[in-house]
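The values are calculated or read from the model by the stated rules, or taken from the named source; none is laboratory data. Model, not experiment: these values are computed from the prediction. Cβ atoms come from the backbone with ideal geometry, glycine included; neighbour counts cover every protein chain shown. In case anyone asks, the SASA skips ligands and DNA or RNA and just uses the protein heavy atoms, side chains included. Shrake-Rupley method; radii C 1.70, N 1.55, O 1.52, S 1.80 Å.
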Amino acid sequence: MANKKYSFVLVALISVLLGLLAGAIIMLVSGYNPINGYAALWEGAFGDLYFTGETLRRITPLILAGLAVGFAFRTGLFNIGVEGQVIVGWLAAIWAGTAFELPTLIHLPFAILVAALAGAFWGFIPGLLKAKLHVHEVIVTIMLNYTALYIANHVIRTLLTDGKDSTPYVAESASLRTEWLTNLTQFSSMHLGIIIAVFGAFVMWFLLERTTQGYELRSVGFNQHASKYAGMKVDRKIILSMVISGAFAGVAGAMEGLGTFQHMYVMSGFTNIGFDGIAVALLGGNAGLGIVFAAGLFGTLKAGALNMPLEAGVPSELVDIVIALIIFFVAGSYMIRWILSRFQKEGK
Amino acid sequence: MGFFDILQSIIPAAIFFAAPLIFTALGGVLSERSGVINIGLEGLMVMGAFVGVVFNLTFVDVFGPELTPWVSIFVAAIVSALFATFHAVASITLRADQVVSGVAINFLALGIGLFLVKQWYGKGQTDMVSAPFYRESIWLLSDIPVIGPLLFSKTYWTSWLAVLAAVLVWYMLYKTPFGLRLRSVGEHPMAADTNGINVNKMRYIAVIMSGFLGGLGGAVFALTISLDFSHATISGQGFMALAAMIFGKWHPMGALGAALFFGLAQSLSVVSGGIPLLKEIPQVYLLIAPYVLTILALAGFIGRAESPKALGKPYEKGSR
């Protein structure tokens with residue numbers, strides 16, 4: 001087992017290197033200087049404290065979205081609905097953050113909890129339908145993404161405001177931003193959410209690896225029938241897994257609502273946080289620590305990419321290609337594993 | 001406004017919105033019937049839309065306004081078919097997790113499309129195409145009373161091509177030896193192999209055909225609805241097609257019906273402003289109606305959808 005883990009990490013690292021290499025080749029072929037391109041990317045991600053703050057801010061929701069996708073994956077469920085759960089979480093956090101006046105110590109946890117509950121509820125629906133009526137969770141979560149988007153826009157226009165396209169800002173007592181972090185990172189939009197996100201990864205690891213519930217959840221992921229014969233209530237596990245997954249996604253929404261943007265606006269399309277979460281979970285091997293590293297990598301690439309057109313003239317979309325290729329290499333790891341095993345045999 | 005007028009504004013719009021979904025969902029049916037999950041439909045549509053628009057913009061002077069859109073969707077379909085071989089190689093030969101590979105296809109298509117648009121046009125979206133498809137009355141058929149004006153006048157040829165494609169795919173899957181083989185490798189690849197069917201070859205063909213149809217869907221969307229290409233051109237239509245495929249129980253005719261249903265629901269929210277009864281309903285209900293109705297339909301009266309037995313499992317010779 002330890003060996004398997006070690007080999008996945010190796011495969012992931014090789015995939016990242018191959019992805020970056022392919023990105024360099026694409027830049028070269030398209031007439032850009034890859035060294036300048038990657039230097040600009042690095043500069044844009046960690047060049048000074050402002051950029052570092054922005055990068056960490058970008059990583060935060062990616063970790064949580066990755067945890068949401070990964071958690072469901074471990075129980076054998078594919079939650080494409082993280083996107084919708086992020087949106088309802090965001091909306092709920094804004095409601096909690098604007099409608100109440102409470103001391104920070106109560107208000108902030110309360111707002112995050114409300115967001116988690118909203119996301120959990122949005123995950124509960126496909127979980128229930130899957131468990132009781134055997135409706136494919138992929139299709140229900142896709143449908144709920146759109147439903148969440150349109151309902152959120154409607155709620156913003158009618159319930160939270162008087163026909164406006166943007167909500168008021170959350171109360172300071174519900175904000176994740178702090179003066180010292182803002183000052184430290186030269187007025188970036190960085191906030192305390194990164195701590196919550198990393199803690200979330202610990203929670204996922206603990207739940208799955210150190211509790212009976214988690215053992216049963218993973219067992220259902222490996223083999224539903226065997227789990228059923230062993231006396232586990234598979235239906236309940238499916239619902240529980242989707243609820244916890246949705247809660248992670250809801251907290252990711254709270255990071256955007258209470259941290260990055262401090263308000264919510266009428267959206268014409270998806271945030272893409274949920275879809276990026278799929279990539280993060282895949283590269284992270286659906287495990288807490290792996291997801292933190294994967295989100296760190298993708299967040300860094302995405303944040304740094306914004307600097308590439310300015311300093312090296314390279315379109316920032318190059319990074320999307322690199323990310324896609326990394327996932328491809330992870331997916332096609334059969335090839336990498338095969339080559340690795342060849343090397344190992346020769347070594348012996 | 002009479003009932004017939006209402007129908008006349010809803011039905012053509014429904015078919016119009018459904019066409020790209022029909023093509024793409026059919027692609028999904030072919031791929032998944034052969035046992036290969038295709039989450040990458042979205043990416044295949046993106047590739048189709050991108051190639052369709054760029055080809056149209058570039059070659060409009062060569063082929064003229066009449067022929068250009070047709071050549072464009074054909075080229076887009078071919079390129080998407082080639083693009084789908086990525087998914088085929090990864091998920092069939094390299095035995096990759098098919099969901100992962102499909103997700104990668106989605107990211108890759110959007111990345112490549114936007115990267116090249118930035119490089120070629122120097123901005124985030126292309127210009128509007130000057131030679132899109134236009135509404136036409138279909139010769140002879142539009143003269144039929146009642147259904148003529150309802151279905152065949154002021155419509156797009158591509159919409160009817162989509163319906164025709166559904167019939168063709170159905171015929172191919174259920175009435176030809178090729179279709180039987182394709183379905184058999186998705187249900188029980190070992191039995192198929194024992195009977196001398198080359199499992200991996202069949203799957204390659206199916207995935208490449210799904211790329212062709214997905215590209216067609218994307219290009220038709222781009223040249224009838226969006227008319228340009230940007231990051232938001234294809235935003236979720238591929239997933240809707242995936243839903244239509246599951247909704248239609250992996251059957252070409254089912255997928256056609258589901259896609260038409262989505263089209264109808266979408267047209268209701270678009271044309272509702274002109275219809276007395278619907279005007280009173282807040283728009284949000286009409287917007288979410290297609291999605292909520294789909295969930296209710298799946299939960300309620302459609303019943304359990306059984307996916308092909310070997311879906312998602314790479315075939316290894318000699319394994320049990």
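The table below gives the values:
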{"item": "Per-peptide average of other Cβ atoms within 10 Å, ordering A:117-126, B:187-196, B:290-299 highest first", "result": "A:117-126, B:290-299, B:187-196"}
{"item": "Solvent-accessible area of B:PHE107 with every protein chain in place, 1.4 Å probe, in Å² to the nearest 10", "result": "40 Å²"}
{"item": "Å³ per residue enclosed by the Cα convex hull of the protein assembly as shown", "result": "176 Å³"}
{"item": "Total accessible area lost when B and A pair, probe 1.4 Å, Å² to nearest 100", "result": "3700 Å²"}
{"item": "Accessible surface, region A:49-305, averaged per residue in Å² (probe 1.4 Å)", "result": "39 Å²"}
{"item": "Protein accessible area in chain B, 1.4 Å probe - carbon and sulfur %", "result": "67 percent"}
{"item": "Relative counts (whole %) of C-alpha pair distances in chain B, using bins that are 10 Å wide", "result": "6, 26, 32, 24, 10, 2, 0"}
{"item": "Dipole magnitude (debye, nearest 20) for the protein assembly as shown, charges at Cβ of Lys, Arg, Asp, Glu", "result": "2460 debye"}
{"item": "Fraction of accessible area attributable to carbon and sulfur, chain A (%, probe 1.4 Å)", "result": "66 percent"}
{"item": "Rg/Rh for chain A, where both radii come from Cα atoms and Rh is the Kirkwood radius", "result": "1.00"}
{"item": "Two-site label geometry, B:PHE3 and B:GLU136: point separation in nm, points 7 Å out along Cα→Cβ", "result": "3.4 nm"}
{"item": "Computed accessible area, A:ASP235, all protein chains, 1.4 angstrom probe, square angstrom", "result": "60 Å²"}
{"item": "Pair A:ARG337, B:ALA232: separation of 7 Å Cα→Cβ label points (nm)", "result": "4.2 nm"}
{"item": "Probe 1.4 Å, accessible area per residue of chain B, Å²", "result": "41 Å²"}
{"item": "Radius 11 Å from Cβ of A:GLY332, net charge of other residues (Lys, Arg +1; Asp, Glu -1)", "result": "+1"}
{"item": "Dipole of region A:49-305, positive end: most advanced residue of A:SER227, A:ASN286, A:PHE275 [Cβ charges, Cα centre]", "result": "A:SER227"}
{"item": "On Cα atoms only, tilt of B:237-247 relative to the major axis of chain B in degrees", "result": "70 degrees"}
{"item": "For A:ALA131, net neighbour charge (Lys/Arg +1, Asp/Glu -1) across residues whose Cβ lies under 9 Å away", "result": "+3"}
{"item": "For region B:56-89 versus region A:149-170, the gap between their alpha-carbon centres in whole angstrom", "result": "41 Å"}
{"item": "Solvent exposure ordering (accessible area, 1.4 Å, most first) of A:PHE51, B:PHE23", "result": "A:PHE51, B:PHE23"}
{"item": "log₁₀ of I(q)/I(0) at q = 0.13, 0.23, 0.25 Å⁻¹ - region A:123-192, Debye sum with one point per alpha carbon", "result": "-0.69, -0.90, -0.96"}
{"item": "Kyte-Doolittle mean at least 0.5, axial Cα span of 27 Å or more - DSSP H helices of chain A", "result": "A:2-29, A:49-74, A:104-133, A:234-254"}
{"item": "Number of Lys pairs (Cα under 27 Å; 8 or more positions apart or on different chains) in region A:49-305", "result": "7"}
{"item": "Estimated FRET transfer efficiency (B:VAL62, B:LEU296; beta-carbon r; R0 45 Å; 0.05)", "result": "0.35"}
{"item": "Additional length obtainable on full extension of the chain from A:LEU310 to A:GLU209, 0.36 nm per residue less Cα span", "result": "31.9 nm"}
{"item": "Residues with amide H under 5 Å from that of B:GLU136, placed H, sequence gap 5 or more", "result": "B:LYS154, B:THR155, B:TYR156, B:TRP157"}
{"item": "Largest to smallest accessible area among A:MET335, A:MET232 [probe 1.4 Å]", "result": "A:MET335, A:MET232"}
{"item": "Structure-based [θ]222 nm, chain B - -39500 (n - 2.57) summed over DSSP H runs of at least 4, per residue, nearest 500", "result": "-23000 deg cm²/dmol"}
{"item": "Chymotrypsin sites (Phe, Trp or Tyr not before Pro) within region A:126-209: DSSP coil, no more than 11 neighbouring Cβ in 10 Å", "result": "A:PHE187"}
{"item": "Cα long-axis angle, helix B:3-33 against chain B (0 to 90 degrees, to the nearest 10)", "result": "10 degrees"}
{"item": "Number of Lys pairs (Cα under 25 Å; 8 or more positions apart or on different chains) in chain B", "result": "11"}
